[in-house]
Each structure stands twice: as structure tokens, then as C-alpha cells.
1. Taking the solvent-accessible surface of protein heavy atoms with a 1.4 Å probe, what is the per residue accessible area of segment 2-242 in Å²?
2. With θ set to phi - 60°, apply the Karplus curve 6.51 cos²θ - 1.76 cosθ + 1.60 along segment 62-78 and write out the HN-Hα couplings as whole Hz, x wherever there is a Gly or Pro.
3. Give me a comma-separated list of calculated 3J(HN,Hα) values for segment 166-179, in order, Karplus coefficients 6.51, -1.76, 1.60 applied at θ = phi - 60°, integers in Hz, x for any Gly or Pro.
4. Based on Cβ point charges of +1 for Lys and Arg and -1 for Asp and Glu, what charge dipole magnitude is obtained for the chain about its Cα centre, in debye rounded to the nearest 20?
5. Once amide H atoms are built 1.01 Å from N in the peptide plane, which residues 5 or more positions from I61, or in another chain, come under 5 Å H to H?
6. For a quick check: with amide H placed at 1.01 Å from N, whose amide H comes under 5 Å from L34's, ignoring anything fewer than 5 positions away on the same chain?
7. Rounded, prolate or oblate: which fits segment 2-242 when a ≥ b ≥ c are the square roots of the eigenvalues of the alpha-carbon gyration tensor, with rounded for a/c under 1.5 and prolate only if a/b beats b/c?
8. Scan around K6 for amide H atoms under 5 Å from its own, H built in the peptide plane at 1.01 Å from N, and keep only partners 5 or more places away or cross-chain.
Amino acid sequence: MRVVIKDNEKQVAEYAYEIVRMALVDRQYKVLGLPTGSTPLLLYSELIAGLNRTEIDFSDISTFNLDEYLGLSADHPRSYRYFMETRLFEKINIKPSNIHFLNGLTDNVEAECAEYEDQIAALGGIKLQILGIGRDGHIGFNEPGSSLESRTHYVTLTKETIADNARFFDREKDVPRWALTMGVGTVMDAEQILLLATGENKAAAVAAMIEGPITQMCSASALQSHPDVTVVIDWAAASKLQHLEYWKQAADDYDEMYDFLTAARRHAGLEDSY
Ligand code: F6R
């Protein structure tokens with residue numbers, strides 16, 4: 001797990017944009033997993049700006065969103081589908097047929113979830129999965145107690161998540177109590193994972209994710225065992241990390257580590273000297 005700490009939300013988004021750009025341009029990744037919520041909004045603005053600068057292109061990109069409320073239609077103003085359409089999809093050159101979403105009005109929850117897994121597999125799996133994190137450590141809507149092996153499934157939302165998401169609704173009682181979500185196992189299958197978190201209210205969840213035990217009581221902690229995860233956070237979200245100095249130094253040292261390794265390999269005759 002690589003932890004990158006930035007000064008503010010804007011810098012978090014700019015750094016995250018670079019990771020997405022490299023994934024799309026250098027790694028030629030074609031399948032993205034996307035979150036909704038407040039956290040990725042600045043990144044989505046960066047992606048729109050990047051497209052306008054012709055640095056990136058979405059014409060052959062497919063997306064899978066992490067989750068959707070049960071009971072809301074795609075055009076319901078509070079649905080995650082509507083959120084994505086208005087915040088990102090209608091501002092980029094993605095083909096509508098390449099956008100994949102769980103259907104919140106399905107008449108068969110189990111079949112809908114199984115079909116979503118099949119659709120992901122049919123496209124060769126998610127290459128870059130972008131994530132936010134809930135205050136209780138959830139990723140997607142995998143609330144505390146969700147199996148770390150879980151596949152796409154239906155979930156009963158916690159009171160905490162309902163309260164947190166009430167800001168998007170007129171009244172808290174309008175927030176749906178159930179949702180469909182990719183499972184932790186589904187997320188873990190992605191080739192590369194980028195998790196963003198900003199603000200002090202995420203600090204406890206961030207500390208549990210990075211430094212706590214791997215447990216289904218904090219689904220984000222599963223990411224510790226993924227081989228390619230970058231966590232980009234601001235100082236407020238980092239503020240409860242016990243080894244804050246170490247994480248900061250480790251992030252700063254990353255480029256230096258490669259310089260050191262190249263020099264050592266050259267010394268050992270494994271790379272050409274110049
Ligand atoms: C939403 C999702 C959730 C959010 C999390 C943080 O699609 O997957 O896990 O990422 O609840 O939400 P914000 O960013 O609004 O704090």
C-alpha cells in the first residue's frame with residue numbers, strides 16, 4: 001500500500017488525476033471502476049479538464065460504478081447513476097453503451113448482482129478501481145461485517161451511512177435503506193486501486209484501513225493485501241495515523257528508492273552505465 005499525503009483536496013485530486021492519466025495513457029487500461037460521493041468530485045473535474053486538454057480520451061473506455069441505491073430509477077435525481085451522468089459522463093466522450101451500472105429497480109436482486117459480475121468478467125476485469133472511504137471504513141457499500149471475499153451483493157445500509165448520505169436528500173428518511181454494491185472481493189480483483197480520502201471526518205477510517213488489522217469490520221483494510229494500491233489523502237484525513245512521519249517519508253522516498261536501485265543495479269553490472 002503506497003500512502004501519499006497532500007496539503008489539500010485540490011492537490012489530492014491533481015495527484016489522483018496523474019495516476020488515472022498514466023493508467024489510461026501509459027498502461028492503456030480500458031476498464032475503470034468508479035465511485036460516487038463528494039470525494040471524487042474534484043478528480044472528475046480534473047478528468048474533464050484533461051479531456052479538454054486532449055491528454056486523455058474516454059472514447060474506448062468502459063466503466064463500472066461501485067454501487068446504487070435500491071428503489072431509485074436511473075433518472076432519479078438522487079440515484080448514483082444520475083449523479084455520475086451529471087457530474088462526469090455527460091461531460092466526457094464516453095460511449096453510453098460502455099457505462100455499466102447496477103439497476104436499482106431490478107426485480108431480481110441476486111440475478112442483477114450475478115449479471116454485473118459477468119459483465120465485469122466479460123470485459124477482462126476492472127483495471128483501475130477508484131474508491132472513496134466511508135467514516136465506518138466501508139468501500140463501495142460494504143458496511144462493517146461484509147465478507148472480505150464478497151462479490152456483488154445487496155446490502156442493508158448502516159444508520160451512520162444513511163445519516164452521512166442524508167445531505168444529498170431532502171430528509172434523512174428519504175435515503176434508501178438498501179443498496180447494491182460490488183463486493184470487497186470484486187474490488188480486490190482490480191489490477192490497480194486508487195483510494196482517495198480528505199477531511200478530518202475520515203481520519204479514523206483511514207488509520208484503521210492503513211494501520212489496523214485486516215478485518216471485515218473495516219472493509220477498506222482488505223486493501224492492505226492488494227499488490228497495487230495507492231492511497232491519496234490530505235493532512236486532515238492522515239491526522240490519526242500513528243506512523244504519520246513514516247508514511248510521509250516512505251512516500252517521499254519512492255522516487256529516491258528507484259534512483260538508488262538503478263545505481264545499485266548499474267554497480268552490479270545489471271544495467272548499462274552512462
Ligand atoms: C460511493 C461509494 C462510497 C463512498 C464513501 C465516501 O459510490 O462507493 O463508498 O466512496 O461513502 O463518500 P464521500 O466521498 O461522499 O465521503
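The values are calculated or read from the model by the stated rules, or taken from the named source; none is laboratory data. Here the structure is a predicted model, which is why all the values come from computation and not from measurement. Virtual Cβ from ideal backbone geometry, glycine too; neighbours counted across all protein chains shown. To get the accessible areas, we keep the full protein, side chains included, count just its heavy atoms, and leave off ligands, DNA and RNA. Shrake-Rupley method; radii C 1.70, N 1.55, O 1.52, S 1.80 Å.
1. Heavy-atom accessible area per residue stands at 42 Å².
2. 10, 10, 10, 7, 5, 7, 7, 5, 7, x, 10, 6, 4, 9, 5, x, 9
3. 4, 5, 8, 10, 5, 9, 4, 6, 7, 5, x, 8, 10, 8
4. Dipole about the Cα centre, nearest 20: 380 debye.
5. Here K95 satisfy the definition.
6. Correct list: F64, N65, L66, I130.
7. Rounded is the answer for segment 2-242, as its axis ratio a/c remains below 1.5.
8. I233, D234, W235
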